Protein chains: 2
Amino acid sequence: MDVIHGRSRVVIERVTPCLDGGRFPVKRTVGDRVTVEADVFTDGHDVACAVLKSRPVGTTLWTETPFAFFDNDRWRGSFIVSQVGGYDYQIEAWVDHYVTWRRDLAKRIDAGQDIRVDLEIGARLIDAAAGRAKGDAQKELKQWAGRIRAELTTDIGRTVCTNEALSQLMLQFADRSLASFSEQIYQITVDRERARFSAWYEVFPRSCSAVPGQHGTLWDVIEYLPYVAAMGFDVLYLPPIHPIGTKFRKGKNNNPSAQPGDVGSPWAIGAAEGGHKAIHPQLGTLDDFAALVAAAQTHGMELALDIAFQCAPDHPYVKAHPEWFKARPDGTIQYAENPPKKYQDIYPFDFETPKFKELWEELKSVFQFWIDRGVKIFRVDNPHTKPFPFWEWCIGELKAKHPDVLFLAEAFTRPKIMNRLGKLGFSQSYTYFAWRYSKQDFIEYLETLTKTEAHDFYRPNFWPNTPDILTEQMQHGGRPIFVSRVILAATLAANYGIYGPAYELCEDVAVKPGSEEYLDSEKYEIRQRNLNADHSLRELLSVLNNIRRQNVSLQTNERLRFHHTDNDQLLAYSKRTEDRSNMLLTVVNLDPHATQHGFVTLSLDEFGLHEGSTYQVCDLLTGQSYTWHGARNFVQLNPHTVPAHILQVRP
Amino acid sequence: MDVIHGRSRVVIERVTPCLDGGRFPVKRTVGDRVTVEADVFTDGHDVACAVLKSRPVGTTLWTETPFAFFDNDRWRGSFIVSQVGGYDYQIEAWVDHYVTWRRDLAKRIDAGQDIRVDLEIGARLIDAAAGRAKGDAQKELKQWAGRIRAELTTDIGRTVCTNEALSQLMLQFADRSLASFSEQIYQITVDRERARFSAWYEVFPRSCSAVPGQHGTLWDVIEYLPYVAAMGFDVLYLPPIHPIGTKFRKGKNNNPSAQPGDVGSPWAIGAAEGGHKAIHPQLGTLDDFAALVAAAQTHGMELALDIAFQCAPDHPYVKAHPEWFKARPDGTIQYAENPPKKYQDIYPFDFETPKFKELWEELKSVFQFWIDRGVKIFRVDNPHTKPFPFWEWCIGELKAKHPDVLFLAEAFTRPKIMNRLGKLGFSQSYTYFAWRYSKQDFIEYLETLTKTEAHDFYRPNFWPNTPDILTEQMQHGGRPIFVSRVILAATLAANYGIYGPAYELCEDVAVKPGSEEYLDSEKYEIRQRNLNADHSLRELLSVLNNIRRQNVSLQTNERLRFHHTDNDQLLAYSKRTEDRSNMLLTVVNLDPHATQHGFVTLSLDEFGLHEGSTYQVCDLLTGQSYTWHGARNFVQLNPHTVPAHILQVRP
């Protein structure tokens, strides 16, 4: 206990938001209003006053906003984060003797007491404030003190108690010499909007050629852009585009021995041609890449690169920096393993190397290399197999220089590990969405993601498929399951993505029963498709992404609410803006095989409706309108036509 | 992010117990087993190991106990706090390459792989451990490494995987060079048992004379001790024993002007004869006080003094240290106020004085003065009207020197303020018990006190009455309410107290309707009673305190559980030891006017019973035994005989 602060009588505790005692910043996006709360109280009967202070990280001047009592010693204030980067916030509170005096004076007057000594006490408090003020304010305060002393009446007492201008001046020049401060300066990471609201499309560049059998190039990706843009996606995510190792290269369908002509896995990074800062020669050059970045921008899209920190045995790092890898007693380098499984085509970095600082710097420079070439979004492969302190440092350093850069964590592992990655700095995270099937699954999982502390640091990105994940359910639900899953992803989460064109073409054949791997996976071979197939979901995706753009309630995970249905195959949930100017109710038939019907019972307060209300709901997927009455309304959904309603609710 | 710790790969987070991020210590009593939990995990597939480290504050050597996984990345360990004072605890965790190697080796052997290189890797890990060991351990480890290299077979691999002695040695000399530590060293305040389990009896010494009309003395209190001891109380708490101010002295029934002979309020501390370190001349001398301390001890009781940091206008401090008080513009000293009410017999200290350090030291020296005279328990009057930083400093300093000293906070105010006082160091706290009447009241309040974080810092002391509190309920329930309230207090809370002899004599007349003040309150006059009145509860109190002493389950607030009853006037709850060797079920009729009956439905798991069980319940108040079957049993309680059962449950 520092005796210096012994006269700071106000206690400020239980500040929220606050992650792990302030150890990590909370996340927000530009334009958000940040609401801060704390318990604030002091000893005795004196009045405490407080302000909420905020500032962009790296600046010194605080902006102050009111921080006021609302209930049970809980106080609240808010401010808007108007720029990308870090923000600090802190609470300052003090015993305000003037406000205390004013409150007590009113009581003394009401009780008919002699207040002459009290008026002099007040005049002295005003004198002191005048001493802290300058110019007109000082003059005005001096006049008030003079007037009080000249009159010394109940009338002047009453005037002082009620004069708003004087109160404002006294607040402005309050005596804060004994102020208390929240025990820390808390931090916020403020990202650009795309961190909160994005639609991702993953495509393998080498599959993009229109010429049968030909290895795609970055120029083929440029040709492919209009197709993706027409579907309304705004992030085009490319698996690694670097040279691919030849030693221990995997063949088609993950065959341990590649055949001549096999293209290998893009995640086996590095070959004679270069490593993480090089482009696969068959894809193109850095100039081609610059053209792709520019073209994507023209189509309103952004490129996301895959960063996988691991090396093929022929990666240049292996020769140049053997100290970054673990040596085996037989002189070979330790390949990746999950004993007894061996992944001899991959060398993991040894993050325990005494040369870890050089390794860290080099890995950071990989991001920097691509940032310098216009990339602002990275999908990070398996971050949970590299040390957490590395990521916290690396992302921290990069965001300090480039606060608009975003990182998606591809960690499919245990929840606390995924959370830690979110807390330490990843902007978005993959989730368990792909394996949530039942109504109860969805409700529990979404409540965890959106109604708990996770909401402050974990931005879920919902993917119904990835090149690694073709769930059992997707393998057996046909086109209806592809439709319903993408509607769920796009309306439950503000960030979602698909791995295409496998998704829109409803590819659902696994390499073998019980596996979630695709047959003839693009991870190991080039796949070209007919994008114009009749069964393609491209039209639906276009409509869906357009609905997301038109309806701001879908652009955040705030105010997600589930509603009761009397049929376990019907999932109903709403999102709305705070002011209820945009309200969407989505009802999904979870059964891909049969028409399901039942009654939805809305929590009407969510929509500002009541039991007697009649209101319109308009299905944004079909354009059909319905008139609904009260809470309980009938719904019927045929999976073979459209397995969901996305209803705009108009009271 | 400190790059130095970049290779410490294990994450340790969400440590419990942990108050406000480690800002405050948690409370325990001597002999308690402290269970610590944390989330512990590392990147990748390597195995993490951890230890829980603890030590008395001020010592440097840690004692290590196991800290092990139990569920969902949550780990747990425990240690016993065996001495009074502060304890530190911390968690240390590291990636253990030997344990990882051993786990993987077993898998390789099972898969029939060539393990020769792996055995050499293991031999090197054992070599390294040998380098950290000495003597026999070193020799043994070197032998193991030699044997592995000599044999290089699957058999020696299997032996290494299963040899317990080798595992223990390798754990003992594990490579912790890259260990992680919990982000803080957390603290525990360990008090003596009386902090957790005590029965208080408050008495006004000046009322203790057996001679009618005579001012009692400390020797009269000595005479009074056997009476209190016979009732089984172990803390005798005396209101302030200091000289009482004469200026603005209050008369009987708080009359603003005292009459000649009026003795004044003991809380108006200080007069010409002295202040907080003096004894009221009519009570006696410091020698008499020493005799009282010794006599109390002889009777198995301890004295608790009342510390009220405020001054009567004639307190010596007022003249000696005018800088410790607030001056008014008219030259007078600011008296206590709650406008428009004035308390001119009391001067509060001005804790904002620039001389606050001298004031703090002096106030601390008041405690020290009485500690030096054998007092180890203090009931602190209105701590919430003095600054929180003062108490944290004062209690911290005193407990560092005298860890066996206990402080009871008499703060009847808003919950967060009462909690803060508990967190910053008060050993026990008064509660809202007196105003909890209904079954739902009790359940909610006790769950808050015993099942939330409050349990770690707030030790409730339940008082059915105090000289300031004669609740409405006590005024109208007659003797039955006095019986039931004290049974509730003594069995719900391990710490409880009564203000006697007002309590055992069932004094229930308020000064006026709507007031909780006693008529002819002892705060302002001497009151002498017939302690042998027929209606006295002294026998009941004796039985009750004896039950508490015989049944360890009542000596803690752990494992309090409420049970269902089908009658809102019947409250049923149990306490039990962890091993169920002592189990008590208390059932109280909350209605002081009428017999109530109904069925109690026990949560049988609490008692290790099941629906088919037949078991004995023996009423410790009456000696009667009953045979109960299964969960649902009938109870009937007449408030005019005994309004409660305290049933010992014997399966």
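The values are calculated or read from the model by the stated rules, or taken from the named source; none is laboratory data. Just so we're clear, the structure is a prediction, and the values are computed from it rather than from any experiment. Here the Cβ is made from the backbone with ideal geometry for all residues, glycine too, and neighbour counts use every protein chain on show. The protein model used for the area step is the full one, side chains on, heavy atoms only, and it has no ligands, DNA or RNA in it. Shrake-Rupley method; radii C 1.70, N 1.55, O 1.52, S 1.80 Å.
Cα to Cα, under 18 Å, and not fewer than 8 places away if on the same chain: which aspartates and glutamates meet these conditions relative to A:Lys252?
A:Asp262, A:Asp345, A:Asp468, A:Glu507, A:Asp508, A:Glu516, A:Glu517, A:Asp520, A:Glu522, A:Glu525
Helix B:478-492 versus the longest principal axis of chain B: what is the Cα-based angle in degrees, 0 to 90, to the nearest 10?
Around 20 degrees separate the two axes.
In whole Hz, what ³J(HN,Hα) sequence does segment A:231-247 give by Karplus (6.51, -1.76, 1.60; θ = phi - 60°), x for Gly and Pro?
7, x, 7, 10, 10, 9, 9, 9, x, x, 10, 8, x, 10, x, 9, 5
Could you tell me the calculated FRET efficiency between B:Ser82 and B:Arg176, based on Cβ-Cβ distance and R0 = 22 angstrom, to the nearest 0.05?
Values: r = 26 Å, r/R0 = 1.18.
Plugging the Cβ-Cβ distance into 1/(1 + (r/R0)^6) gives 0.25.
Measuring from a point 7 Å out along Cα→Cβ, what nm distances, shortest first, does B:Gly612 have to its partners in the other copies?
Once sorted, the set of distances for B:Gly612 reads 6.0 nm.
Which chain A residue sits with its beta carbon nearest the axis carrying A onto B, and how many Å away is it, rounded to a whole number?
Taking Cβ atoms only, the nearest residue and its distance are A:Gly21, 1.
Quick one: buried accessible area between B and A, total over both chains, 1.4 angstrom probe, nearest 100 Å²? Each step should come with its number before you reach the end.
Details: alone 28320 and 28350 Å², together 50640 Å².
Summing both sides, the interface buries roughly 6000 Å².
Compute the acute angle (0 to 90°) between the alpha-carbon long axis of helix A:97-110 and the principal axis of greatest extent of the alpha-carbon atoms of chain A; round to the nearest 10°.
So the helix axis and the longest Cα principal axis differ by about 50 degrees.
At R0 = 45 Å, how high is the FRET efficiency between A:Gln528 and A:Lys319 if r is their beta carbon distance? Nearest 0.05 is fine.
Values: r = 36 Å, r/R0 = 0.79.
The calculated FRET efficiency here is 0.80.
Between A:Ala294 and B:Thr285, what is the spin-label point distance in nm, taking each point 7 Å from the Cα along the Cα→C-beta axis?
10.4 nm
Tell me, in nm to one decimal, what length is gained between B:Lys355 and B:Ser625 on full extension, where the rule is 0.36 nm per residue of separation less the Cα-Cα distance? It would help to have the intermediate numbers written out before the result.
Working: separation 270, 0.36 × 270 = 97.20 nm, distance 6.53 nm.
Between B:Lys355 and B:Ser625, full extension yields an extra 90.7 nm.
Lys/Arg Cβ at +1, Asp/Glu Cβ at -1, dipole of the protein assembly as shown taken about the Cα centre: which of A:Ala38, A:Gln138, B:Thr431 is farthest positive-ward?
The one lying farthest along the dipole's positive direction is A:Gln138.
Which net charge results when you count Lys and Arg as +1 and Asp and Glu as -1 among the other residues whose beta-carbon is under 15 Å from that of A:Ile222? Intermediate values should be presented prior to the final figure.
Numbers: positive: A:Arg206; negative: A:Asp220, A:Glu223, A:Asp287, A:Asp288, A:Glu302.
In short, -4.
Pull up all non-local amide H partners of B:Ser78: gap of 5 or more, or a different chain, and H-to-H distance under 5 Å with H placed in the peptide plane.
Amide H neighbours of B:Ser78, under 5 Å, 5+ apart: B:Val36.
Before I look further, what does segment B:195-531 give for accessible area per residue, probe 1.4 Å, in whole square angstrom? Each step should come with its number before you reach the end.
Details: 11220 Å² over 337 residues.
Ligands and nucleic acids excluded, the result is 33 Å² per residue.
What shape does segment A:195-531 take by its C-alpha gyration tensor, where a ≥ b ≥ c are the square roots of the eigenvalues and a/c under 1.5 counts as rounded, a/b above b/c as prolate, and the rest as oblate? Kindly include the intermediate steps, with their values, before the conclusion.
Numbers: a/c = 1.32, a/b = 1.16, b/c = 1.14.
Rounded is the answer for segment A:195-531, as its axis ratio a/c remains below 1.5.
Sequence neighbours fewer than 8 away in the same chain don't count; with that in mind, list the lysines whose C-alpha is under 17 Å from A:Lys401.
The reachable lysines, counting only those whose Cα sits under 17 Å from A:Lys401, are A:Lys364, A:Lys376.
Using the beta-carbon distance between B:Thr60 and B:Glu539 and R0 = 45 Å, what value does 1/(1 + (r/R0)^6) give for FRET efficiency, to the nearest 0.05? Walk me through the intermediate numbers first.
Values: r = 54 Å, r/R0 = 1.20.
Step by step, r from the Cβ atoms, then E = 0.25.
Given +1 on the Cβ of Lys and Arg, -1 on the Cβ of Asp and Glu, and no further charges, what dipole in debye does segment A:195-531 carry about its Cα centre, rounded to the nearest 20?
Values: 35 positive and 41 negative charges, 104 e Å.
Charge dipole of segment A:195-531: 500 debye, to the nearest 20.
When the helix-only estimate is applied to the protein assembly as shown (DSSP H runs of n ≥ 4, each -39,500 (n - 2.57), divided by the residue count), what is the mean residue ellipticity at 222 nm, nearest 500 deg cm²/dmol? Don't jump to the answer; show the numbers that get you there.
Details: 30 runs with 366 residues, N = 1302.
Dividing the helical sum by the residues of the protein assembly as shown leaves -9000 deg cm²/dmol.
Tell me, Kirkwood radius of segment A:376-509 from alpha-carbon pair distances, in Å? Please report the intermediate quantities before stating the final value.
Details: mean 1/r = 0.0639 Å⁻¹.
Hydrodynamic radius (Kirkwood, Cα only) of segment A:376-509 equals 15.6 Å.
Please give the contour-minus-distance gain from A:Ser167 to A:Arg414: 0.36 nm per residue of separation, less the Cα-Cα distance, rounded to one decimal in nm.
Full extension of this stretch gives 83.4 nm more.
Could you go through segment A:313-324 in sequence order and give the Karplus-derived ³J(HN,Hα) for each residue, using 6.51 cos²θ - 1.76 cosθ + 1.60 with θ = phi - 60°, rounded to whole Hz, and x for Gly and Pro?
My calculation for segment A:313-324 gives x, 9, 5, x, 4, 4, 7, 6, 9, x, 5, 8 Hz in order.
Where the centre of each part is set by its Cα atoms, how far does segment A:575-636 sit from segment A:183-224, in angstrom?
So the two Cα centres are separated by 34 Å.
Give B:Lys277/B:Lys326; A:Lys439/A:Lys523; B:Lys53/B:Lys139 a once-over and call out the pairs whose C-alpha atoms are over 31 Å from each other. Please list the in-between numbers first.
On the way: B:Lys277/B:Lys326 23 Å; A:Lys439/A:Lys523 33 Å; B:Lys53/B:Lys139 28 Å.
In this structure, A:Lys439/A:Lys523 lie more than 31 Å apart at Cα.
What residues of segment A:344-388 lose no less than 50 Å² of accessible area with every protein chain in place versus their chain by itself (probe 1.4 Å, heavy atoms only)?
Those are A:Glu352, A:Phe356, A:Phe388, which lose 50 Å² or more relative to the chain on its own.
Loop-only trypsin sites (Lys or Arg not before Pro) in segment A:388-454, please: DSSP not H, G, I, E or B, and at most 14 other Cβ atoms within 10 Å. Don't skip to the answer; put the middle values down first.
Details: sites: A:Lys399, A:Lys401, A:Lys416, A:Arg420, A:Lys423, A:Arg436, A:Lys439, A:Lys451; in loops: A:Arg436.
Of the trypsin sites (Lys or Arg not before Pro), not one in the loops of segment A:388-454 has a Cβ with at most 14 other Cβ atoms within 10 Å.
On full extension of the chain, what length is gained from A:Phe69 through A:Val211, given 0.36 nm per residue of separation minus the C-alpha to C-alpha distance?
On the way: separation 142, 0.36 × 142 = 51.12 nm, distance 6.82 nm.
That pair, A:Phe69 and A:Val211, stretches by 44.3 nm at full extension.
Label position 7 Å from Cα toward Cβ: report the copy-to-copy distances for B:Trp62 in nm, one decimal, ordered from shortest.
3.6
Give me the net charge of B:Phe197's neighbourhood, meaning all other residues with Cβ under 14 Å from the Cβ of B:Phe197; Lys, Arg count +1, Asp, Glu -1. Intermediate results must be reported in sequence, preceding the final value.
Numbers: positive: B:Lys27, B:Arg28, B:Arg192, B:Arg194, B:Arg196, B:Arg459, B:Arg548, B:Arg549, B:Lys575; negative: B:Asp32, B:Asp191, B:Glu193, B:Asp234, B:Glu302, B:Glu558.
Charge balance in the 14 Å sphere: +3.
Roughly what would the spin-label model give for A:Gln259 and B:Phe562, points 7 Å off Cα along C-beta, in nm?
Label at A:Gln259, label at B:Phe562, 7.3 nm between them.
Given charges of +1 on the Cβ of Lys and Arg and -1 on the Cβ of Asp and Glu, with all other atoms neutral, how large is the dipole of chain B about its Cα centre, in debye to the nearest 20?
580 debye
Grab the other residues whose beta carbon is less than 9 angstrom from that of B:Leu359, score K and R as +1, D and E as -1, and report the net.
Here the count lands on -3.
Where in segment B:4-45 does the amide nitrogen come within less than 12 Å of the point 7 Å from the Cα of B:Gln184, taken along Cα to Cβ?
Within reach of a label on B:Gln184, which here means backbone N under 12 Å from a point 7 Å along Cα→Cβ, segment B:4-45 contributes B:14-26.
Give the angle, between 0 and 90 degrees and rounded to the nearest 10, that separates the Cα long axis of helix B:439-451 from the longest principal axis of the Cα atoms of chain B.
50 degrees
Sticking to Cα atoms, compute the Rg of chain A to one decimal and its Dmax as the biggest Cα-Cα distance, whole number, in Å.
Considering chain A through its Cα atoms, Rg and Dmax are 30.6, 104 Å.
Under the Karplus relation 6.51 cos²θ - 1.76 cosθ + 1.60, θ = phi - 60°, what is the ordered set of whole-Hz ³J(HN,Hα) values for segment A:371-385, x standing for Gly and Pro?
Computed from phi, the couplings for segment A:371-385 are 4, 4, 9, x, 8, 10, 10, 10, 9, 9, 6, 6, x, 6, 9 Hz.
Any chance you could check the Cα centroid distance between segment A:539-570 and segment A:1-55 for me, in angstrom?
Comparing the Cα centres of segment A:539-570 and segment A:1-55, I get a distance of 36 Å.
Which aspartates and glutamates, if any, have their Cα less than 13 Å from the Cα of B:Lys357, not counting same-chain residues under 8 positions apart?
Of all the aspartates and glutamates, those that pass the test against B:Lys357 - Cα under 13 Å, at least 8 places apart if same chain - are A:Asp2, B:Glu323.
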